[in-house]
Amino acid sequence: MPDDSAPYVIIGELFSLPLSNYPESYVIGGSKTEAGRNRIIPIRPEGREHFSYFAESATGPLLLSGYSGQRLPDNFRKRDHYPLLEKLHIKRKTPHATRHTYTSRAIKEGLAPEVLQEILGHADYSTTVNIYNHFGPGCKCRCRC
C-alpha cells in the first residue's frame, strides 16, 4: 500500500460522517456521488490515532461532533490535516492533493483497479486513472515492456 498518503474522505463528507460509520480501521462514508456513497475507506495505521481522538471527543452522533473548531475546510487543514502530515513526515499537501498522491502510488504498487475505484468513490475507473493518477517520467522509464 502506498506509504505517504491516504485517500481520506473529502472534508465536507468528513464533517457529516456518523460516528457509527467508524469501526476503527476504516470509515464507511461518502455522499458526493452515487458511486461514492457508503464506500469503505481504509485508515492507515499512522492516521488511526487522529480518528480515535475525534471518536473519543464526539459529543453527538457525528464523528466530528466534538470538534472544537469552526467546521470550515481551511480550519480543519490548519488544525488537524497539516499537523498529521508533519507528524508522518509527508510534504504539506491539501487533503484533495493527498488523494491524487495516494491514487498514483496505489496504481504503481498494484492495488486492484476496482478496489481503488471503490475507495475513491469513482463511478468510472477512467476518472481514477486519467485524473487522479500522476506518473512522473521516471516511472515510464522503469516500465517492463
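The values are calculated or read from the model by the stated rules, or taken from the named source; none is laboratory data. Keep in mind that what you see is a predicted model, and the values were worked out from it rather than measured. Methodologically, a virtual Cβ is constructed for each residue, glycine included, from the backbone with ideal geometry; neighbour enumeration extends over all protein chains shown. These accessible areas exclude ligands, DNA and RNA; they are computed on the full protein's heavy atoms, side chains included. Shrake-Rupley method; radii C 1.70, N 1.55, O 1.52, S 1.80 Å.
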- prompt: Of everything in the stretch 98-137 that's open to solvent by 30 Å² or more (accessible area, probe 1.4 Å) and closer than 25 Å to residue 54 by Cα, which residue is modelled with the lowest pLDDT?
  reply: 100
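Before we move on, is residue 9 surrounded by 15 or more Cβ atoms within 10 Å (Cβ to Cβ), modelled with pLDDT of 85 or more and within 23 Å of residue 128 (Cβ to Cβ)?
Considered against the rule, which asks whether it is surrounded by 15 or more Cβ atoms within 10 Å (Cβ to Cβ), modelled with pLDDT of 85 or more and within 23 Å of residue 128 (Cβ to Cβ), residue 9 comes out as no.
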query: When the residues of the stretch 10-29 are filtered to those that are part of a loop (DSSP other than H, G, I, E, B) and of a type in the set (Ser, Thr, Tyr), which remaining residue is farthest from residue 102 (Cα to Cα)?
result: 16
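Can you report the number of residues in the stretch 46-62 which are part of a loop (DSSP other than H, G, I, E, B) and open to solvent by less than 60 Å² (accessible area, probe 1.4 Å)?
Counting residues in the stretch 46-62 that are part of a loop (DSSP other than H, G, I, E, B) and open to solvent by less than 60 Å² (accessible area, probe 1.4 Å) gives 2.
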